[in-house]
Structure formats: structure tokens, C-alpha cells
1. Given that compact globular proteins tend to follow 2.2 N^0.38 Å, what is the ratio of the alpha-carbon Rg of region B:202-425 to that value?
2. If the cut-off is 27 Å between C-alpha atoms, which lysines fall inside it for B:Lys95, apart from same-chain ones fewer than 8 positions away?
3. Over the alpha carbons of region B:248-301, what is the largest minus smallest coordinate on each principal axis, giving the biggest first in Å?
4. So what's Rg/Rh here for region A:78-145, counting alpha carbon atoms and using the Kirkwood radius for Rh?
5. Suppose all protein chains stay in the model; what accessible area per residue would a 1.4 Å probe give for region A:2-150, in Å²?
6. Please compute the alpha carbon radius of gyration of region B:1-117, then divide it by the globular-protein estimate 2.2 N^0.38 Å. Two decimals is fine.
7. Over region A:236-373, with every protein chain in place, what whole percent of the accessible area is carbon and sulfur at 1.4 Å, could you tell me?
8. Under 10 Å, Cα contacts only: if you run a Gaussian network model on chain B, which one of B:Ile159, B:Ile83, B:Ile74 comes out with the highest mean-square fluctuation?
Amino acid sequence: MDKISEFRTIIENPYSYLQKIKDENGKKAIGYVCSYAPEELIYAAGALPVRLFGSDSIIHRADLHLQSYCCSLVRGILEDALSGRLELLDGMIFPHTCDSIQRLSDVWRLNLVKSFHADVVLPVKLTTPSAKSYLVDVLKKFKTDLEQWLNIKITDAELNRAVKTYNAIRSLMTRLYRLRCENPHIISGHDFHTLIRAAMIVERDHFLEELTAITADLEKTAPEKKLTGVKRLVLSGGICNHPDVYDTIENAGGVVTGDDLCTGSRYFEGAIDDRMPPLEAIAARYATRVVCPAKHSGLTSRGDNLVRTVRECGADGVIFMLLKFCDPHAFDYPYLKEMLDREKIPSLLLEMEEQTQAGGQLQTRLETFIQIL
Amino acid sequence: MNNQNSDFLKTLGIYLFGQAKKLSLKFKKAPTMKELMIVYYSEAKSAKLTGKKVAWITSGGPVEPLIAMDIIPIYPENHGAMIGASKMGAGLCEKAEAMGYSSDLCSYARSDISCATVNGGPIGGLPRPDMLVCCNNICGTVLKWYEVQARYFNVPLFILDTPFCHTGYSEDTARYVRTQIDEYIQFIEEVCGKKYDFEKLRQVGLLSYEAQKLWQAVLDTAAHRPAPMSAFDAFYHLALIVTLRGTKEAVKYYQNLLAKMKDRVAKGIGVVPDEKYRLLWDNIPIWPRTRWLSEKFASHNACLVADTYTSAWCGTLKYINEDKFLDSMAEAYTRIYLNIGVDEMAKTVIEMIDKYQADGLVMHSNRSCKPYSFGQLDIQRIVEKERGIPSLMIEADMVDDRSFSESQIATRIDAFMEIIKERRKE
Ligand code: SF4
Ligand code: SF4
């Protein structure tokens, strides 16, 4: 689809896109690393939130700060920063998630001079009343930090507009998820992935406009005849930075009909209640959306959600794509697998590095798994 | 004999053994660490028999509110250290891997998770918990680990969330943690089914404060030349400040220990014969190799005079108000060594270098413990810049010694000591 090709170019080279945006309207860009980054506030402040993914370059500068047993996402981001590739960013925000991101923030603060550096130390549990009110405090503090840095006042009207925009993007993406689930061949996995990535980089108003058109187009596309023999899969894990995986899966006779990824449905899930005061409403969404393994909301909420996703997507199996050295995900894997086993849902574990290329062993394992489904 | 019966007899045996030990300690002046630990674990393992509740708690978690309610606190990390020291880590870690836990996860967690399912390890497993208390002031691992155990044992889990202090300590954080202390008390009341005893907590708070001060004083004796004790001794004597701070036993134990150390200082006895070089240790000990390491350094006349690990249990004394223990607890537990920014950690390291007059820094880059190890390279640079002393980084693991390469580490230690010796000549 040609509307998506614009996004494809952007995600393949996000930094030149940033340069263009900055040249055009002098917008400030703020990098972030996790789906708990309160992007709505950045947007309301008139800046562009940009999600960072790992690096595809060889890591050597980051080696001087973070040992080899740190996940390749964190090391890759640091590598890009130290080598100047992130020069375009005016600031960085670090929501508190895992131990590695926590230290990445410290290393960043001590070694990279940026005009803006914010730690958004969210609570680790999201369910208790005291955690909820602390979460609102944290958002307020972040708002003040932004205001001081930019020397502006972020009004409620601006926050409301941010909420509206983000809600619109999230609800369209959710619709797309549903469409794909009903008719997986309507859009290739690669294109779908491109949209997800673009949602985290592209200027959100522009993205929303395009997404609206893309969704309308897709909705008009007539469903294909039910293809027989195609295996439906759900991806589960952290951040998926491997667009090739989708092609490999499709070539092997599978198709992705749903996911439980940080850079996937977890990012889009849940609407912000626009009848509540905006900060409280943003906080409330965090408390109710599907939880990331670095946060706590109940003992089996992730497992319950995964099983539900599999059922809703009519999936035949689950592929866990876990980054090596990622503690939160690795701790959840055995119980998630056990819950799937109990439901007789087959699963495959792929441990990857950010730089892992599809092909070779990965391809064989995917093919074998899909064949036995 | 059926299983239940034999279990009962076993527990009874453990209980009676503990009681006998306790009685014999009454007549002795100073019980040893080993004796105290026997009594402690016997009491814990026979808790069902005596009707006491058992709480598993993370090593950085507030134990005082439990002790005040006569709940037996159990520390899986302390158990992990025992597993490591008795060289049973690799086997239990492997078992966890077979259960699906990645070999890159913290080896305390891995060995505890698998140990719980087989009651293995040096003491035949830990007593079953009635509740779990997880304080994330040390890492994010404990949250996941305690979730695993809460699912396994199907017991209530309390999470004390201590937001990370990259820079400073905010009012928002203070309020949040203080509220949670009240929630913690409520949680204990619910699990125990009785009203909280605040007067008892006040007393326990005083004892805890006292024990922490004594522990600091014990560690401080190593500032003398020659040092009467080394970090390796501190690793050994640490157990009580972790497991039993807030009890009279701990206070008494450290009073005795302090007296002993002061006596050694007065007599000029050093723990390392002919001490010439003084080093600072960073990170958790390599439990299965402490002995080997201590001998290795001693062979160079080097004494590890202090460490960032054992001092963490008295590092926040400055935030504690003994008369307002409950209120000051929030800050003291939130601002501990592992819950602060790398720059503040470096500051602490530098203060220790000055205080103990260290000639070098030995860092254990611990594959198990990411929050402790990430940032070490920056600390190393800051220390080298500020104090100009050499440092050595050893990559290993605190429990799982499958990847410990003895000859390589020996060579690196030798080379490092050469540098230190050269410096001395200059
Ligand atoms: S992949 Fe895992 S370890 Fe790495 S940043 Fe994400 S949550 Fe942390
Ligand atoms: S990750 Fe580190 S701080 Fe956490 S339990 Fe393991 S050793 Fe302790």
C-alpha cells in the first residue's frame, strides 16, 4: 500500500525524518524508551515524542559503560547516543521500568549532555489507591519539568487535545488489530509492523490523518476467501524490532493475528477517559491497560490476557520473542508457558538479540513450529 | 510410617534441637554466628509446630514491623548466599533453567525458585511462607521473583514500592512510601488476625537502630592499620544484621564482636598477616569463592578492608530518627545504596576509599545483579579520576560458579597487585 510506503521510509531512517521535522517547524524532539512514557504530555507541550529502538551498529562505545550482559536494546540505544546518532534529540525521558533502563538513565545523565533529561519514576504496582495517587503526582512533576524547560504553560485545553489525538490513534489501531484478526491477509505483517513503529515516531497529527485514511481503505477491502492451512499466531514479548520475522512467518505458512508486545497492542490498549481531569485520566489508563512485566497488577494478569488474546484471535499458537538478558520478560515466561500448556496452546520460545537477523536457524525453528501446529 | 508422620517427627526433631541449642546458649557468654543461625532456622522450620507465622522478605525490606509482631522473617537471599557458599548453586540454577528460567536471571532467584520445589540446598529448603513481603529498593528482580513464589505458595504478597532516587528524594516519594508503611502494618494485621502492637515496634525500632550503629562501628574498626577484620569477615558476620536486626540477640552479638575487634586493634593484630595493601570491594561476594579470593589477596599482603555490600545495612543510619522510627523508616528504606543514582554511589565509594585508606578498588561485575553492576564502569572512572587509584573488574556470579574461570581471574589479580605495588614504590 503506498500510504504505508511513506512510513516505511521514515522508520528505516527515523533520524533524517526528525531532521526534516525540525527544519520545517523547529519542533523539539524528545526520545523515550518505554510504553509507559507519558507521551500525551510531551505532545501537549508541543514537542515530538520519539520512541528509540536498539541500534543496528556494532556496539563498542556502550561497552565502556554497560557490561555485555545488559540487553541489546539498552546497549544499542546507548551506542547510538554515544556515537552522536541521536544528536537530533533535544531531550530524553526515562520512565522507570526495568533495572537496565534505570541505570541507562544514570549513565545518560552522567555522559551525555542534553538540554532535557527527565526520570519519570512511576510506581511499580499500579493497583493500590496510594500508587494511583502517587502516579498522578509523578505526572504533575513531569508536566512541571516540561514547562520549566520550555518556558511554557501546558494548559488543560492542550492536554485535552492530546488525549483526544492519542485516543483516536489508539482506537484506530485497535480497529486495525481487529480487522487483521478477522482477515489476516488484508495487510502484510511487515506493513502492520511499519504502522506500529510509525505511530511512535511520526508527528502524531499527521500520523492520525494517514491512519484514518488507511483504516478506511482497509475496511473497504473485501475479505478474501478463507485460506485453509494458514496457521494463526500471536507474538508475545517485549519490543519487536524484527520486521523480517513477519515475512519469515508468512513464508512458512503462518500469519500473525495478534500480539502481546510493548511495541504492539500493549502500547495501543485502553482509552483515556476524556471526562476526567486529564492527568488523572492518563494515570487511570496506565492502571487499567494490559500490564508490562516490569509492573505489577495481579499475579496472573499477563497470563490471563495472553490466553484471552489467543482465544480472541483464534490463534493456533504463540511465539515468545524475548530479548536476551531481559529480566522482566524472562521471569514471566515459565508461568505464561504453563498457562498456555494448560489450555493446550502450543508455544515457541525465541531468544533474540536486537541485531538478530531472521533467516538461518531462526527461520528453521519458525518453520518447524508452524508445521507442527 | 506415613509421610505426614515422618514430616511431623522431623519438624519436632528440628524444634527440639533448636530449643536445646537455645538453652545451651543461655549458659554461654557469647554464642557464635553458627549457633545463632541454627536456633534461628530451627525456630523458623518448626513454626507450624509453635504456631508462629513465617514471612519471606527481601534483604532490603523493613523487617522491624514483622519482628514486632513475632513473625519469623526469612530471607531467601540469605539462603541464596548459603547455597552459593556451600557450592550447591550450579545444580539448583540448572534445575531452574530446566523449569524454563533463563540462565541470565539472578542466581539467588533461580536457586530459590528451584529449591522451593524440591526442598533442596544446604538446609533442606526454607519453611513455607505465610506471607511474602517484597521491597523493590534493591532491584526489579525481587518483584518478579516474589510474584513467582506468590503463585507457587498461594500466599498473600505485599509490595513495598520504593521509587528509585536518581537524584535526591522527592516529597511525592516520601508521601507515597510513608503511606505504604501504614498499608504494610495493615497487611500484617490482616494476615495475623490481630491488632498491631505499636509499642513493641517502638522497642524493636530502637534495637534495630542500635544494631545498625554497632554494625557500622564494627566495620569502622577496619579503618585501623592493620585492619582487625576484612570484608570477608564482614560477609560472614553480616547474617544477623540482615535477618535479625531489631532483636536483642543481634545487639548482643555485635557488642561482642565490636569488643573483640577493638581488642585486636589495641593489640595491633591484623587479619591479614603483614598487611601492606588495602583494598575496597564492590558488589555482592562471589560466595562459592570467598575463601579462595581471600587467600589470593592475602598472598599479596592485601586486605579487603571494606565493601559497599555489607555497609549497605547501616548506610542509611543518617535518615533514621530512633524516636520516630516508623516515620523515618520510609526514607531510610528508600535511599539505600542500590536505590540511588550512579553518581551518588560513586560518592559513597569515594568516601569509603578515604575513610578506610584504600589503595585500590576491586569490583565484582556480577552477572546476576544488574542494578548493582550496571554503572560500575562509570563509578570506576569517577573513582580513578577523583582519587587516582587503580581498580580491577572481575566478571563472575555470586552463586552460580559454572562460568568462574579461576586461572584467568588469578592472573588478573596478580597483574592488578603488581600495579598497586609499583605505585607504592613511586
Ligand atoms: S528489553 Fe527488557 S531488559 Fe531490555 S529494556 Fe526492555 S524491559 Fe528492560
Ligand atoms: S538482582 Fe541483585 S539485588 Fe536483586 S535479588 Fe538478585 S542479587 Fe539481589
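The values are calculated or read from the model by the stated rules, or taken from the named source; none is laboratory data. Please read these numbers as outputs of a predicted model, since none were measured by experiment. Reconstructed Cβ throughout: ideal geometry from the backbone, glycine too, with neighbour counts over all protein chains shown. For accessibility, only protein heavy atoms count, side chains too; no ligands or nucleic acids. Shrake-Rupley method; radii C 1.70, N 1.55, O 1.52, S 1.80 Å.
1. 1.01
2. Here the lysines satisfying the reach criterion relative to B:Lys95 are A:Lys295, A:Lys324, A:Lys337, A:Lys344, B:Lys10, B:Lys45, B:Lys87, B:Lys144, B:Lys370.
3. 35, 27, 16
4. Answer for region A:78-145: 1.05.
5. On the way: 4960 Å² over 149 residues.
About 33 Å² of surface per residue is accessible.
6. Numbers: Rg = 16.3 Å, N = 117, 2.2 N^0.38 = 13.4 Å.
The value comes to 1.22.
7. Numbers: 2490 of 5080 Å².
Ligands and nucleic acids excluded, carbon and sulfur give 49 percent.
8. Among B:Ile159, B:Ile83, B:Ile74, the largest mean-square fluctuation in the Gaussian network model of chain B belongs to B:Ile159.
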